[in-house]
1. Whose amide H sits under 5 Å from the amide H of K41, counting only residues 5 or more places off or on another chain, with H placed in the peptide plane?
2. Tell me the mean residue ellipticity at 222 nm calculated for the chain from its helices only (DSSP H runs of n ≥ 4, each -39500 (n - 2.57), averaged over every residue, nearest 500).
3. May I ask you to derive the FRET efficiency for H317 and E14 from their Cβ-Cβ distance with R0 = 25 Å, giving the value to the nearest 0.05?
4. What Kirkwood hydrodynamic radius, in Å, does the stretch 141-220 give when the mean of 1/r is taken over all pairs of distinct Cα atoms and then inverted?
5. How large is the accessible surface of M233 in square angstrom, using a 1.4 angstrom probe and rounding to the nearest 10?
6. Compute the acute angle (0 to 90°) between the alpha-carbon long axis of helix 197-216 and the principal axis of greatest extent of the alpha-carbon atoms of the chain; round to the nearest 10°.
7. Which percent of the accessible area of the chain is formed by carbon and sulfur heavy atoms (probe 1.4 angstrom)?
8. Under a Cβ-Cβ cut-off of 12 Å, what is the net charge of the residues other than H173 that fall near it, where Lys and Arg count +1 and Asp and Glu count -1?
Amino acid sequence: MEQTVLGNIQSQPEVLQRVFAERATFVDPFVRGIREHQIRKIIFFGSGTSYNVSQIAAYYFKHLAHLPAEAQYPTVFKYYEQPDWTGFIDPGQILFVGISQSGTSVSTCEVMEYGKQLGCRTLVITGDLESRITQFADTVTHLLVGPELTPPETKGYTVSVLSVYLWALATAHELGALPAEEYDELITEAGDFVADFQRVLDEAKGWYERNKTSILQSDRLFVLGYGVDYGSMLEAMLKVGEMLRIPTIGFEIEEFSHGPTMGLRPNQTIFMIGSDEAEFDRMLVFRDAYKRYTPRVHVVSMRDLPDADGRDLVFSHRVSKCLAPLAYTVPFQFVAAQGAKDIYIDTAVNPFQESLAHYADEG
């Protein structure tokens, strides 16, 4: 049967359960490298969806494993950054992590090659173990997403988020930042969540159906995020822009109030990802203010939401804030893919035919 984006979205519960069950295949090599090479800093690289995952991965490793980590755009880093500006860290103790589902991203391949030239350790996670990016890696790990033949990645994103989360938990446990009992609790939570992920899809699809009329008739969409879900905001913006093709702009939640609000109109939609972070109460203040200018304000959260109505999506399966990003992009996948279908856009056809992002001979 021919793949579709909506089919890949609907396959996520099954795929995520398989990834969780087979986690040792990609977690063990990662943790072994951290231990054997006494890694002191990790730099995550990727473009598009993989960069958005990198943002979340860097958060995980700083906050869970207490290991310095950052996310970088590959080309920007290669030309304007250094692995360690202080010169105090041996390059062999810095790990370059390349995230590329296809393994053919030009920018990510080039920065991994650059990392090897600098003497840094290199590790990649990719869905294709024979792809070009593996040529530049000391360690290759498998992104267990299976084939995703449709152009916009959906299940590849959630699989990547789960993969880097499991990396971070295992690394935190290895380094002593996460006691065994807490580690076991978080692993159990993750297993229970992916086993119940069909509920996430059902609730996200229901929310889309309730609100699709106003969303699809908007002339501009804004996505606001903060904390661990800054990366979720980026992914939501990317997916909706790729498929629905209505102008979609993402902001860190506080920054949206510094100017962009001057152009706010009643026919514009605001999506707010209500992460369980310090800014949650501030988000509620913003929500109430923005509703005075447009009724199309939606909150997606796992926290109890005062005065929630049909415009909001509060998932019934609650998990910790670091695991929650696994769910938060799903409603935007439906806005993007189902929304495109509902206005007769064929997302299987890429109207931009130039091969710029990936090596032309490989994908």
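1. L95
2. Here the helix-only value at 222 nm equals -14000 deg cm²/dmol.
3. Given R0 = 25 Å and the Cβ-Cβ separation, E is 0.90.
4. Answer for the stretch 141-220: a Kirkwood hydrodynamic radius of 15.6 Å.
5. Approximately 0 Å² for this residue.
6. Computed tilt is about 50 degrees.
7. The computed percentage sits at 50.
8. Summing Lys/Arg as +1 and Asp/Glu as -1 gives -4.
The values are calculated or read from the model by the stated rules, or taken from the named source; none is laboratory data. Since we're looking at a predicted model, the values are computed, not measured. Please note: Cβ atoms are built from the backbone with ideal geometry, for glycine as well, and neighbour counts cover all protein chains shown. Note: accessible area is taken over every heavy atom of the protein model, side chains too, but ligands, DNA and RNA are not part of it. Shrake-Rupley method; radii C 1.70, N 1.55, O 1.52, S 1.80 Å.
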